[in-house]
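> Okay, here's the structure, questions in a sec.
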8 protein chains.
Amino acid sequence: MSKQPLVGIVMGSDNDYGIMVETAKALKELGIAFEMTVTSAHRTPERTGKYVREARERGLKVLVAGAGAAAHLAGVVASETTLPVIAVPIDATSLQGLDALLAMVQMPAGIPVATMAIGKAGARNAGIFAAQILAAGDEEMAGRLSAQRKKMAEGVEAKSRSLQERLAQDGFAD
Amino acid sequence: MSKQPLVGIVMGSDNDYGIMVETAKALKELGIAFEMTVTSAHRTPERTGKYVREARERGLKVLVAGAGAAAHLAGVVASETTLPVIAVPIDATSLQGLDALLAMVQMPAGIPVATMAIGKAGARNAGIFAAQILAAGDEEMAGRLSAQRKKMAEGVEAKSRSLQERLAQDGFAD
Amino acid sequence: MSKQPLVGIVMGSDNDYGIMVETAKALKELGIAFEMTVTSAHRTPERTGKYVREARERGLKVLVAGAGAAAHLAGVVASETTLPVIAVPIDATSLQGLDALLAMVQMPAGIPVATMAIGKAGARNAGIFAAQILAAGDEEMAGRLSAQRKKMAEGVEAKSRSLQERLAQDGFAD
Amino acid sequence: MSKQPLVGIVMGSDNDYGIMVETAKALKELGIAFEMTVTSAHRTPERTGKYVREARERGLKVLVAGAGAAAHLAGVVASETTLPVIAVPIDATSLQGLDALLAMVQMPAGIPVATMAIGKAGARNAGIFAAQILAAGDEEMAGRLSAQRKKMAEGVEAKSRSLQERLAQDGFAD
Amino acid sequence: MSKQPLVGIVMGSDNDYGIMVETAKALKELGIAFEMTVTSAHRTPERTGKYVREARERGLKVLVAGAGAAAHLAGVVASETTLPVIAVPIDATSLQGLDALLAMVQMPAGIPVATMAIGKAGARNAGIFAAQILAAGDEEMAGRLSAQRKKMAEGVEAKSRSLQERLAQDGFAD
Amino acid sequence: MSKQPLVGIVMGSDNDYGIMVETAKALKELGIAFEMTVTSAHRTPERTGKYVREARERGLKVLVAGAGAAAHLAGVVASETTLPVIAVPIDATSLQGLDALLAMVQMPAGIPVATMAIGKAGARNAGIFAAQILAAGDEEMAGRLSAQRKKMAEGVEAKSRSLQERLAQDGFAD
Amino acid sequence: MSKQPLVGIVMGSDNDYGIMVETAKALKELGIAFEMTVTSAHRTPERTGKYVREARERGLKVLVAGAGAAAHLAGVVASETTLPVIAVPIDATSLQGLDALLAMVQMPAGIPVATMAIGKAGARNAGIFAAQILAAGDEEMAGRLSAQRKKMAEGVEAKSRSLQERLAQDGFAD
Amino acid sequence: MSKQPLVGIVMGSDNDYGIMVETAKALKELGIAFEMTVTSAHRTPERTGKYVREARERGLKVLVAGAGAAAHLAGVVASETTLPVIAVPIDATSLQGLDALLAMVQMPAGIPVATMAIGKAGARNAGIFAAQILAAGDEEMAGRLSAQRKKMAEGVEAKSRSLQERLAQDGFAD
């Protein structure tokens, strides 16, 4: 893993770490250096703005923002940079992430935010999508992504084989 | 109406004027000076930040923010000031304002935003609520609000009388 | 904390105390005296009306109403006073607070209610927003709010530093 | 139709007349005298309270309340009487009546409100349901309701016959 | 409590007993005899039809139907009688009762169903509402309902007093 | 097209014809004889029951039920037969078909209903799905379905070619 | 149970087994041979396509697809075959199956998917519906389905009898 | 604009052209060559698969997929490539794009899809986001994006100035 972080992961609260660590894991699997920061669109607007405005010159290529509730973080990040911003809505209120999803995905024309699924699946996909962006100019990365896909497909096949045993155990064998 | 604006109305796009003019009308009826500005959380973050940070010293007492879609404007405004911020969600997408409502009302602990109803009713109420805030230290304003309430009640009674004629016209008189 | 309550917190049921105590905590932190009452829009309409009609002369400046389900309390309170009314929707049914939110925020033109987020975040913000209203004519209160913001920002920075250790523990250090 | 109104129809705004006239029509068809009033839970709380508290002694047996948005009218009416209260949610905002439905139907334990469908179907059913309540002690009314049902059934059969012609016209006859 | 049941409670599954027992309790408190039956709109259509068609002649005055999921029971019951039918939507699927609510409340014009809140609050209110229907021709029942209301109001006041102690315990006394 | 109808299409109201005619068209295209009837779960329960109980012996193999609002028709039909029942939710209220969808699809265990999409797409698919059921024992029908698929695919290709011209007209040709 | 599987059950992940085993149980009860496979629309598109394209010639008559989240599996399966495809939406995300339901049921015109209820009820009904399809050309299967219905009805009656004891135990006997 | 397309825009139906042309416009403004194709996940699975599998070797760097209803297209495209896939949900049914949004954004872990807002705003942002991806390795493109942002900000300021005239015309000048 190169030392220079290419992906900056920001989250609105350290409560979101349990979700956003999935982005970290996905990036680590693919050998992509990243950094992770807590910064809030609402509680630390200055800190957030400063982080984002310096991101490009610090060598970051992609930003990932995870937040719940009225999840403004990704939009606020995107408003300060033309780097690609990936959003992970987090289920942090009684509305189960629907609030965060709509607050992230319904961005107005002009300032795109690439929204992933709510929660852990979305956080993992944010890491993989960041890799797909980096792979545009990096053949080796493209290769790693293809290998990952192949491994996933083999995992599905293995699980299908295990399922047959489970069916037999549960009395469904003829 | 005093010349010095006490209420600053901001909106994310001039498309929102048709809704936000209701706030202006309500303030004018109550004799409260205001100003109105287009500024976007996403397209002009710097302009928005500057406007809000100077608001208090420019004599503004209340800020009203109207926006649609992933309506971050009120939250972004609130993140830069401790003045009371009133939010008006606008029905600007196929999701009929539910996106704007959730993006405004579900603010995290620490940074309140006072959310009104979606659309024109909410915009009018933003103006009245601003007056209620100002009335805390202004007996005359409190009197104007009471007078407005009385007039509303009389309007309901007048409408109820007209309804009787309509019922007769429609053949429901006994 | 002054003895004379400036904020009246009402809730529809004592089951709501666990949420509404967040408003109390926020007010206490900011040194604002308050009182708290159980009164129901539906079970004790008279009691509710009497409380609200006497509020202004008893010296209350802001009312906060917390309720769940078909949460009429804030609207009923607002119908009897021109004091600013802040609403806290509570997740008290299988619909997870969406019913309370819509029953509070969608007030018709003429009678504003300032709606906060569903649950604890909203209850805490109700206290802070009450302080923002009081700060309109109280420089010292404005100062306390600014200090609170600064402390919040420092908290975020501290959490971001702790996060680095957690990342290292979890094996993400390079 | 007896002169003494047995059903009181209240609505929050005269804008709701186009919907609530369906209740009036249904009652007229079934020969039930009614009265219709505009009164708002929020704009005229006193007027609403007075109307409801006098309803029983004025000879009313059932109350029907139609309202849109944060539709508190039915709940407020029900809080002041033990007469049966029927609620008609009206589609009056961008949320298409879902707000009014939830604000009416999700009443807390102790104060029931009988909610009908959103809009015209619900308004018509409010009239029929009022008749069903009155029919508890009125055999003749029960007979009229049975006759109405029979006529409805015949209407369905007639429409099914017409449908065959339409199918033939549209080229679906074999 | 008279022996002759006046209210028939039907439910689609005995799983619904935990909810529908609230209707039974409310009726017992008010001294109204009732009966309770499991019958399904889908699994036992014949049984359901027979029960409902015989209800009036068996002396029942009101029917209460509780069901979850695609809750057709109340509508199917209402289609076979002109007795008043009260519906209790039950939270029995992952959609948390929203499916049952819409399947009950959105009845087409002609066949009313009086829908209560989802779950226990609605079940209790179904019992009270049945009493309100019976009270139309029963002064004593009307008296019992008024007494119940008074007791509820006293309960709220008592809870408000207890709250003051709790506030003191939690350190909010001045 | 054989004279003996194999598919029975029922709808709750003749207002639904504009949607359900899509089922008729799909069946006609595939050479499957059908019949179409108006019958309501609520207004004509007897008629509905009789129609469904006689369906199998009258030679019908599949039933299609279209309805809006609290759409009980498909469930009521399914409760009276073990023939496959296909449901088409219709957008007939302010809730845009969501009520009909949930009232149809959320059937309890034991009585399946095969739900299609809301509106015209669903009505057309009901016809095609009926054909897929019939094709289980009818090789020729299976062939017709394959031919239809091939034609659809060719249609997509043709539209893609036309799109290139439209792009050129709109000035996007390089 | 015949050895030759007539129904192919596919699921997107082995996590779905706990739900989809209900389809297996229902089929076993009705004596229908089936097979069960894990295959993902997204992780193993090739495997999914191959499985579906060979299904008809391998003797399968019906396919059942269970999936959660953006549940594309049923649609992808249906796009590759004209066999009837039954979809079971699974509650696998914070949105409680609403995402899977809409992603399955809202199929465009031309490619039907027969959607069942979310979760276990839907999975069981998928098995019964598959039997109803097979019963089109199989009188004995039709008989088994009728017998199952009769048993279900008897179960409801038995539960209603038990309920009377429970009522007595709970003190509701007169 | 280079001749070699770098972005492939696919849509499920030519009805979606009115929305997806916004992606084309955004790309043209930024000088990025693209191609546009109609291909359906359901009606032409083979065509879709072939297009996507050849995309990388044909020189495409980003794929954009627009679809409505049960919008599987983006997920199906993503399942066949490791190129970044951007999804545009289209409001094409009575559910107003909520179905398409959930069917696109809720992708399972492993296969990311970058979802934009519903409709035109999302389609425009898909074009800009594609440019942001390409700008990772293209300084000149990054410059064009910055210039576009600056122009947007100037547009907001110009609109704010025009608003002052409109306010004066509408009689709000002091």
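Values quoted throughout were computed directly from the atomic coordinates according to the rules given, and no laboratory measurement underlies them. Everything numeric in this text was worked out from a predicted model, so none of it was measured. Reconstructed Cβ throughout: ideal geometry from the backbone, glycine too, with neighbour counts over all protein chains shown.
> Rounded to whole Å and ordered largest first, report the semi-axes of the equivalent ellipsoid of the range E:68-107 derived from its Cα gyration tensor (root of 5λ).
Working: eigenvalues 80, 11, 11 Å².
Taking √(5λ) for each eigenvalue gives 20, 8, 7 Å, largest first.
> Another question, if that's okay. Ranked by Cβ crowding within 10 angstrom, fewest neighbours first, how are G:V21, F:V113 ordered?
Ascending number of Cβ neighbours within 10 Å: G:V21, F:V113.
> With n ≥ 4 as the cut-off for DSSP H runs, can you work out [θ] at 222 nm for chain F, using -39500 (n - 2.57) per run divided by the number of residues, rounded to the nearest 500? It would help to have the intermediate numbers written out before the result.
Numbers: 6 runs with 84 residues, N = 174.
Roughly -15500 deg cm²/dmol at 222 nm, from the helical runs in chain F.
> Next question. Have a look at F:A100, F:A147, F:A135 and tell me which one the Gaussian network model of chain F (Cα, springs below 10 Å) gives the largest fluctuation.
Most flexible of the set in this elastic network: F:A147.
> If you place +1 on the Cβ of every Lys and Arg, -1 on the Cβ of every Asp and Glu, and leave all else neutral, what size is the dipole of the protein assembly as shown about its Cα centre, to the nearest 20 Debye? Before the final figure, lay out each step's value.
Details: 152 positive and 152 negative charges, 0 e Å.
Result for the protein assembly as shown is approximately 0 debye, rounded to the nearest 20.
> Taking only the alpha-carbon atoms of the protein assembly as shown, what semi-axes of the equivalent ellipsoid follow from 5 times the gyration tensor eigenvalues under a square root, in whole Å, largest first? Let's see the in-between values first.
Details: eigenvalues 416, 416, 152 Å².
Largest first, the protein assembly as shown gives 46, 46, 28 Å.
> A follow-up question, please. When 1/r is averaged over all different Cα pairs and the result inverted, which Kirkwood radius in Å belongs to the range A:9-74? All intermediate terms of the calculation are to be shown ahead of the outcome.
Numbers: mean 1/r = 0.0812 Å⁻¹.
This gives a value of 12.3 Å.
> Next question, about the same structure. Report the calculated FRET efficiency for E:K25 and C:M152 (r = Cβ-Cβ distance, R0 = 56 Å), to the nearest 0.05.
Values: r = 48 Å, r/R0 = 0.85.
For E:K25 and C:M152, the calculated efficiency is 0.70.
> Let me ask something additional. Taking only C-alpha pairs under 8 Å that are 6+ residues apart, what is the relative contact order of the range A:68-174 in percent? Walk me through the numbers on the way to the answer.
Working: 113 pairs, mean separation 22.3, N = 107.
Over the range A:68-174, the number comes to 21 percent.
> Continuing with the same structure: Through the Karplus equation 6.51 cos²θ - 1.76 cosθ + 1.60, θ set to phi - 60°, convert the phi angles of the range E:126-139 into ³J(HN,Hα) values in whole Hz; use x for Gly and Pro.
4, x, 5, 5, 4, 5, 5, 5, 5, 5, 4, x, 8, 4
> Oh, and also: Using a Gaussian network for chain D with springs between C-alpha atoms less than 10 Å apart, which of these wobbles most: D:A109, D:A65, D:A78?
So, out of D:A109, D:A65, D:A78, the one fluctuating most is D:A109.
> Counting only Cβ atoms, what residue of chain H lies nearest to the axis that sends chain H onto chain B, and how many whole Å off?
H:Q96, 5
> Please compute the net charge surrounding A:K159, taking Lys and Arg as +1 and Asp and Glu as -1 over other residues with Cβ under 12 Å from its Cβ.
Net local charge, A:K159 excluded: -1.
> Order these by the 10 Å Cβ neighbour count, fewest first: H:D16, F:D99, E:D170.
Least to most surrounded, the residues fall as E:D170, H:D16, F:D99.
> Then there is this: Please report the antiparallel percentage of the DSSP beta bridges confined to the protein assembly as shown, to the nearest 5.
Once the DSSP bridges in the protein assembly as shown are tallied, antiparallel ones form about 5 percent.
> Additional query: Scan chain C and hand back the longest stretch that contains none of the trypsin sites (Lys or Arg not before Pro) lying in DSSP loops with at most 12 other Cβ atoms within 10 Å. Walk me through the intermediate numbers first.
Details: sites that count: C:K3, C:R58.
Looking at chain C, C:59-174 is the longest stretch - no exposed trypsin sites (Lys or Arg not before Pro) with at most 12 other Cβ atoms within 10 Å.
> Just to confirm a number: summing +1 for Lys and Arg and -1 for Asp and Glu over residues other than G:G66 whose beta-carbon lies under 13 angstrom from that of G:G66, what do you get? Mind dumping the intermediate values first?
Values: positive: G:K120, G:R124; negative: G:D14, G:D16, G:E22, G:D91.
Once all neighbours under 13 Å are counted, the net charge is -2.
> May I ask which residue of D:G171, D:M152, D:V77 lies farthest towards the positive end of the charge dipole of chain D, with charges of +1 (Lys, Arg) and -1 (Asp, Glu) on Cβ and the Cα centre as origin?
Sorting the options by dipole projection puts first D:V77.
> Using every alpha carbon pair in chain E, what percent of pairs falls into each 10 Å bin from 0 up to the bin containing the largest distance?
10, 35, 29, 15, 7, 3, 0
> Amide H of A:A87: which non-local residues (sequence gap of 5 or more, or other chain) have their own amide H closer than 5 Å, using H built in the peptide plane?
A:A65, A:A114, A:T115, A:M116
> Right, here's the next one. Loop-only check: which GluC sites (Glu not before Pro) in the range B:15-118 are DSSP coil with at most 13 other Cβ within 10 angstrom?
Here the GluC sites (Glu not before Pro) that fit, given the DSSP loop and packing criteria, are B:E57.
> Compute the FRET efficiency between E:E46 and A:R161 as 1/(1 + (r/R0)^6), taking r as their Cβ-Cβ distance and R0 = 35 Å, and round to the nearest 0.05.
0.15
> Once you've got the GNM for chain B with C-alpha springs shorter than 10 Å, pick whichever of B:G59, B:G137, B:G49 has the biggest mean-square fluctuation.
B:G137
> Return one number: the angle in degrees, 0 to 90 and rounded to the nearest 10, between the long axis of the Cα atoms of helix D:45-55 and the longest principal axis of the Cα atoms of chain D.
Approximately 80 degrees, to the nearest ten.
> Report, to the nearest 10°, how far helix D:17-29 tilts away from the longest principal axis of the Cα atoms in chain D, using its own Cα long axis and a range of 0 to 90°.
70
> Over 32 Å between Cα atoms: which of C:K3/E:K159; C:K120/C:K159; E:K3/G:K120; B:K61/B:K150 fall into that group? If you can, show how the numbers build up before the last one.
Working: C:K3/E:K159 23 Å; C:K120/C:K159 21 Å; E:K3/G:K120 41 Å; B:K61/B:K150 26 Å.
Pairs exceeding the cut-off: E:K3/G:K120.
> Still on this structure, please answer the following. Ranked by Cβ crowding within 10 angstrom, fewest neighbours first, how are H:M104, E:M36, A:M116 ordered? Mind showing how you got there, number by number?
On the way: H:M104 36, E:M36 24, A:M116 32.
Fewest-to-most ranking of H:M104, E:M36, A:M116: E:M36, A:M116, H:M104.
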